[in-house]
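To keep things clear, I will list the structure first and then write my remarks on it.
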Amino acid sequence: MKIASVAPKIQTGHTPEKVMSLTCPVVDTEEPPGNREIVKNIEEEPPSTQASGRYRFFWNVTDSCWKDWKWQFRNRITSLEQLVELIPLSAAEQAQISSVIQRYPISITPYYLSLINPDDPNDPIRKQAVPCIEEISMGSLGLEDPLAEEKDSVVPGLVHRYPDRVLMVLTDICPMFCRHCTRKREWRHGAWTRTDTEIEAMLVYLRQHTEIRDVILSGGDPLTLSTTQLESIISRIRAIKHIEIIRIGSRFPVVLPQRIDAELCNMLSKYGPIWLNTHFNHPNEVTPEAADACDRVLRAGVPVNNQTVLLRGINDNVTTQTRLCQALLKAKVRPYYLFQCDEVQGTEHLRTSVETGIKIIEGMRGHTSGLAVPNFVIDLVDGGGKVPLQPNYVLSMSKDELLLKNYEGKVFRYRNPGSRQKAVAEPAMSGVVDSLLADASQPVKVEG
Ligand code: SF4
């Protein structure tokens with residue numbers, strides 16, 4: 001993998017860096033530069049521990065810095081020394097985090113850290129952002145690359161698995177390192193973005209393969225690139241006649257919503273149809289800042305879908321998922337997928353049983369708008385693709401009739417017109433159906 005000379009340096013736990021000074025210059029650069037830009041003191045005293053969010057952790061940061069995505073990016077928390085200044089950690093926790101980040105580094109934006117309740121060790125934001133010892137103590141479970149993305153790469157960074165769509169992996173840099181990340185394996189390679197030569201090789205492949213109609217920009221997080229760099233790539237993709245849609249996969253609206261600025265939105269509005277898939281996992285993430293970011297990109301003509309990962313102790317219950325999806329709808333974001341957490345090494349402690357996911361969908365379906373209910377899917381190992389999983393609402397089925405269970409558990413008969421009209425029944429299917437009916441020995445309440 002080549003490393004572009006323009007790639008911003010990312011600070012990892014291997015080489016912690018100290019805060020150097022306290023000013024907040026305006027930096028007008030293309031790239032989010034390296035870490036630890038600077039904070040301006042605007043108050044004499046820090047607020048009390050009763051203050052929440054930004055004003056508890058970053059009371060001395062000016063509004064202009066806070067709203068500047070490059071400032072946020074430069075000031076990511078990337079070392080234990082920085083983290084311990086902000087969140088209370090016992091000596092044992094510090095020792096554990098210190099050993100975990102040797103393998104899986106830390107990166108948290110000030111904005112995202114400000115959403116953590118520091119007094120709650122089980123805070124759902126904290127669990128997504130702060131390393132824990134299970135990442136290595138359970139590290140033998142799972143696979144490095146469960147989706148076999150490397151196997152399906154046709155040129156470096158271009159994954160062509162499905163007939164009509166491709167994935168362009170533009171960088172491995174993310175503003176926040178999610179502890180459940182499927183591409184955790186990439187973190188140890190340091191920070192890289194694709195070179196111009198690599199991008200051009202991908203574009204050559206796209207131009208040659210007229211069956212491709214859908215290009216997904218991914219990473220890392222592609223919005224880590226400057227808007228100018230993104231426009232250079234997106235405009236060249238848009239110039240390929242057979243490419244119908246461009247999708248961007250980004251967690252910026254969640255972890256650094258300031259990135260969705262006017263410059264980016266103006267650029268995206270020129271190259272539609274573009275879709276944005278983002279990644280909210282908990283209702284606490286749907287803040288006014290995040291909702292505003294979604295609103296800005298929607299007004300640029302970019303529909304926003306959400307892909308949640310089901311995470312143990314974070315969002316693995318009906319109440320949290322319902323609150324999340326209802327909050328997303330209020331922000332005009334469509335809940336699209338609920339993913340079973342992939343079998344990735346270093347994430348086993350966050351994985352739940354598949355039954356949990358099915359029960360969540362069952363608990364949501366009918367109890368809130370269908371628009372709020374995502375598709376629960378497993379992304380199969382070895383590149384097998386996505387498989388949707390649903391609660392079982394079909395108790396039995398014959399060529400004439402189905403027995404269907406509704407969201408309240410009531411059972412209804414439903415006449416099967418298609419089969420009767422055709423007057424044809426597949427013998428094998430009938431056998432299965434008949435045995436299902438015969439086996440329906442449980443007493444059921446039949447209405448209608
Ligand atoms: S934003 Fe996505 S790619 Fe980046 S660390 Fe989080 S899950 Fe991984």
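The values are calculated or read from the model by the stated rules, or taken from the named source; none is laboratory data. The shown structure was predicted, so the numbers you read here are calculated from the model rather than taken from an experiment. So basically every Cβ, Gly included, is an ideal-geometry build from the backbone, and we count neighbours across all protein chains shown.
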Practice problem: Just name the residue that is nearest to the ligand (Cβ to nearest atom) out of those in the stretch 213-256 that are within 27 Å of Tyr111 (Cα to Cα) and assigned to a loop (DSSP other than H, G, I, E, B). | Solution: Arg251
Self-check item: Selected residue (only one of Arg185, Arg165 is more than 10 Å from the ligand (Cβ to nearest atom), more than 17 Å from Leu217 (Cα to Cα) and in the same structural domain as Gln340 (by TED's automatic domain parsing))
Solution: Arg185
Quiz item: Exactly one of (1) crowded, with 17+ Cβ neighbours inside 10 Å; (2) charged (D, E, K, R); (3) in contact with a Pro (Cβ under 9 Å, 6 or more places away or on another chain); (4) under 23 Å from Cys178 (Cβ atoms) is unmet by Arg334. Its number?
Solution: (1)
Exercise. Tell me, yes or no, whether the stretch 127-149 has at least one residue that is more than 13 Å from the ligand (Cβ to nearest atom), under 16 Å from the mean Cα position of the chain (by Cα) and either within 29 Å of Thr352 (Cα to Cα) or surrounded by fewer than 20 Cβ atoms within 10 Å (Cβ to Cβ) (or both).
Key: yes
Quiz item: Filtering the stretch 62-90 down to residues that are acidic (Asp, Glu) and free of Cβ contacts under 8 Å to residues at least 60 places away in the same chain, which residue is surrounded by the fewest Cβ atoms within 10 Å (Cβ to Cβ)?
Solution: Asp63
Practice problem: Would you check if Arg207 is assigned to a helix (DSSP H, G or I), within 16 Å of the ligand (Cβ to nearest atom), surrounded by fewer than 19 Cβ atoms within 10 Å (Cβ to Cβ) and at negative phi? | Solution: no
Quiz item: Could we say that Gly385 is touching a Lys or Arg at 6+ places or on another chain (Cβ under 9 Å), surrounded by fewer than 19 Cβ atoms within 10 Å (Cβ to Cβ) and under 29 Å from Cys294 (Cα atoms) here?
Solution: yes
Exercise. Answer yes if at least one residue in the stretch 92-107 is within 16 Å of the chain's Cα centre (by Cα), within 16 Å of the ligand (Cβ to nearest atom) and modelled with pLDDT of 95 or more, and no otherwise.
Key: yes
Quiz item: within 16 Å of the ligand (Cβ to nearest atom) and in contact with a strand residue (DSSP E or B) (Cβ under 8 Å, 6 or more places away or on another chain), is that true of Glu343?
Solution: yes
